[in-house]
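Read through the structure below, which is laid out as structure tokens, and then see the notes.
The values are calculated or read from the model by the stated rules, or taken from the named source; none is laboratory data. What you see is a predicted model, and the numbers here were worked out from it, not measured in a lab. Glycine also receives a Cβ, built like all others from the backbone with ideal geometry; neighbour counts cover every protein chain displayed. For the accessible areas, the whole protein counts, side chains as well, though only heavy atoms, and no ligand, DNA or RNA atoms are used. Shrake-Rupley method; radii C 1.70, N 1.55, O 1.52, S 1.80 Å.
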Amino acid sequence: MQTAPHYCLLLKNIYMSYNGWSNHATFRVHNDILNGIAFEDTVSIDDLREIVTNTVFRDRDAYFLLNDYANLFLNTVNWGELVEVYNTDILTMKLNING
């Protein structure tokens with residue numbers, strides 16, 4: 001039998017997950033920016049950060065508040081999780097595991 005604190009932590013983890021992603025920022029970056037990109041080669045954290053940064057900050061000087069907010073948001077993205085998922089998808093595609 002699980003203790004109440006352990007059960008509460010489990011419920012919190014379920015509640016705090018975002019469609020399987022570790023946090024809201026990671027989910028949103030995947031959903032809003034990276035989801036439509038068909039990666040053909042493995043990606044790195046720096047690759048993904050560059051794509052997202054270029055997308056978010058196209059007109060950087062015009063939106064100071066937006067830039068501050070976006071920087072805070074992007075600092076919470078789990079970049080390693082995104083790299084792992086995309087690289088697994090690429091490997092699956094190259095090995096034709098699902099098809």
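Annotations
- Residue pairs meeting the criteria (Cβ under 6 Å; at least 6 apart or on separate chains; first free of Cβ contacts under 8 Å to residues at least 60 places away in the same chain and within 14 Å of Asn78 (Cα to Cα), in the range 25-38; second surrounded by 12 or more Cβ atoms within 10 Å (Cβ to Cβ) and among the hydrophobic types (A, V, I, L, M, F, W, C)): Ala25/Phe73; Ala25/Val77; Thr26/Val77; Phe27/Trp21; Val29/Val52; Val29/Val77
- Which listed residue, of Val29, Val43, is among the hydrophobic types (A, V, I, L, M, F, W, C), at pLDDT 85 or above and assigned to a helix (DSSP H, G or I): Val29
- In the condition set (1) within 15 Å of Glu84 (Cα to Cα); (2) open to solvent by less than 60 Å² (accessible area, probe 1.4 Å); (3) modelled with pLDDT under 85, Gly20 is compliant with all but (2).
- Residue match in the range 53-60 (condition: open to solvent by 70 Å² or more (accessible area, probe 1.4 Å), of a type in the set (Lys, Arg), at pLDDT 70 or above and not in a helix (DSSP H, G or I)): yes
- Applying a threshold of 6 Å to beta carbon distances and a minimum spacing of six or more residues, or different chains, the list of pairs starting in the range 72-85 at a residue that is part of a helix (DSSP H, G or I) and ending at one that is open to solvent by 20 Å² or more (accessible area, probe 1.4 Å) and modelled with pLDDT under 95 reads Glu81/Ser22.
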